Amino acid sequence: MLARLVFCLIIGIAFTSAWAQDTKGAVDPLHDYLLPPEFIIEHQKVIDLSAEQKESIREVVKTSQSNFFDLQWDLKEQMDQFTSFLSAERVDENKALQQLDKVLGIESKIKIAQMTLMIRVKNTLTPIQQKKLKEIRAGS
């Protein structure tokens, strides 16, 4: 049960969107600069997304999903090992912290993969398309 709870907590933190709001309602500073692929897909007609841009975004998302899937497997394996250390009557601090470092390393890779996805998607759009999407988002 502890392993499942810790795993869910770590996954929740790892997959927090760059544009999510904190508990005080303040918007994350990256929110103003990045647009999630789902939002772009939803408004593709309004921004006149070209066939080439659609294909580019599809490829970036497919590659990212594959990468996320691999990282999720790795994270699960490392979390299982980490929680096994924590479940002991007496925790070997050095082993547990070394394992935590592995978990955090994978989380860092996940965040880098998220940012890579968001940057590549943004770079697919023209400045005019980006402006239109920001206006749409501001109006919602």
Within region 83-93, which residues are surrounded by fewer than 13 Cβ atoms within 10 Å (Cβ to Cβ) and either within 26 Å of the chain's Cα centre (by Cα) or among the aliphatic types (A, V, I, L, M) (or both)? Ala88, Val91
Ser140 meets each of (1) modelled with pLDDT under 95; (2) under 18 Å from the mean Cα position of the chain (by Cα) with one exception, condition (2)
Take Ala96 and tell me if it is surrounded by 13 or more Cβ atoms within 10 Å (Cβ to Cβ) and free of Cβ contacts under 8 Å to residues at least 60 places away in the same chain. yes
Checking Val103 against (1) in contact (Cβ under 8 Å) with a residue 24 or more places away in the chain; (2) surrounded by fewer than 16 Cβ atoms within 10 Å (Cβ to Cβ), which test does it fail? (2)
Every residue in region 107-129 that is closer than 23 Å to Asp70 by Cβ and touching a residue at least 60 places away in the same chain (Cβ under 8 Å), please. Glu107, Ile110, Lys111, Gln114, Met115, Leu117, Met118, Ile119, Arg120, Val121
Being within 30 Å of Pro29 (Cα to Cα) and more than 22 Å from the chain's Cα centre (by Cα): is that true of Lys131 here? yes
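The values are calculated or read from the model by the stated rules, or taken from the named source; none is laboratory data. Since this is a predicted model, take the numbers as computed values, not measurements. Please note: Cβ atoms are built from the backbone with ideal geometry, for glycine as well, and neighbour counts cover all protein chains shown.
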